[in-house]
Amino acid sequence: MSSQLPGDPQGRKKAKAEPFGDLMKTMNDFFQEKPVKGFLQTIDDFFRTPFPSTPSFHVETLESPKEIIINAELPGVKKEQIQIDIRGNYLNISVDQSELILEEDEVNQTYRKKQFRQKSSRTIALPQPINEKNIKASYRDGLLQIRLPRVKGKTINIEE
């Protein structure tokens, strides 16, 4: 007795066709074509960075049992351009960068003025209100470091 299927000279079995295989292939091809793929890529880029024009800077918060350390990367910023504010349990770091370039050409009697200004800020929520008298901040080589001591609350024992 032969194990060959009728119409198959080599005796191979036919692969079972998936009922939606052609439809799935058509859908995959549709989403991989240029106009749709470009549109979907644009949507992905938007949700990765929804507000790309907002100037900002990187902030890292580290916690230890004794203090909270906040590091802000501010390359090219002068110490005088940084402002730190505390309101309740929120710490706000603001940077106001401005640059003024004046060029004079006395031979041609022309004057040129170019001004650049950029403001950016970050607000960090802290776990509890902070006593501003104990905060220490330092700025060196584009790295702002703020050290906030943790405030120990009063522990209440529960009676039986």
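Name the residue, out of 80, 60, 103, 159, that is out of contact with any Ser or Thr (no Cβ under 9 Å at 6 or more places or on another chain) and assigned to a strand (DSSP E or B). Break it down stepwise before answering.
Details: 80 fails: assigned to a strand (DSSP E or B); 103 fails: out of contact with any Ser or Thr (no Cβ under 9 Å at 6 or more places or on another chain); 159 fails: assigned to a strand (DSSP E or B).
Going through 80, 60, 103, 159 in turn, just one is out of contact with any Ser or Thr (no Cβ under 9 Å at 6 or more places or on another chain) and assigned to a strand (DSSP E or B): 60.
How many residues does segment 97-148 hold that are surrounded by 10 or more Cβ atoms within 10 Å (Cβ to Cβ), within 20 Å of residue 82 (Cβ to Cβ) and without any contact (Cβ under 8 Å) to a residue 24 or more places away in the chain?
Matching residues across segment 97-148 total 5.
Applying the selection to segment 62-79, what residues are farther than 23 Å from residue 96 by Cα and in contact with a Leu (Cβ under 7 Å, 6 or more places away or on another chain)? Let's see the steps before the verdict.
Applying the first criterion (farther than 23 Å from residue 96 by Cα) to segment 62-79 yields 62-68.
Those that are farther than 23 Å from residue 96 by Cα and in contact with a Leu (Cβ under 7 Å, 6 or more places away or on another chain): 67, 68.
Sort out which residues of segment 91-104 are of a type outside the set (Asp, Glu) and modelled with pLDDT under 90, and write them in order of number.
Passing the criteria: 97, 98, 100, 101, 102.
Within segment 90-108, work out how many residues are out of contact with any helix residue (DSSP H, G or I) (no Cβ under 7 Å at 6 or more places or on another chain) and more than 18 Å from residue 136 (Cα to Cα). I'd like the intermediate steps shown before the answer.
Looking only at segment 90-108, we keep the residues that are out of contact with any helix residue (DSSP H, G or I) (no Cβ under 7 Å at 6 or more places or on another chain), and these are 90-94, 98-108.
Those left that are additionally more than 18 Å from residue 136 (Cα to Cα): 98-108.
Number of matching residues: 11.
Assess whether residue 42 counts as being modelled with pLDDT under 90 and closer than 30 Å to residue 148 by Cβ.
Against the criterion (modelled with pLDDT under 90 and closer than 30 Å to residue 148 by Cβ), residue 42 does not qualify.
For residue 129, are the conditions met, namely being in contact with a Lys or Arg (Cβ under 8 Å, 6 or more places away or on another chain) and in a loop (DSSP other than H, G, I, E, B)? Let's see the steps before the verdict.
On the way: in contact with a Lys or Arg (Cβ under 8 Å, 6 or more places away or on another chain): no; in a loop (DSSP other than H, G, I, E, B): yes.
Taking the combined requirement at face value, the residue does not satisfy it.
The values are calculated or read from the model by the stated rules, or taken from the named source; none is laboratory data. These numbers come from a predicted model, not from an experiment. Here Cβ is always computed from backbone atoms with ideal geometry, including for glycine, and neighbour counts include all displayed protein chains.
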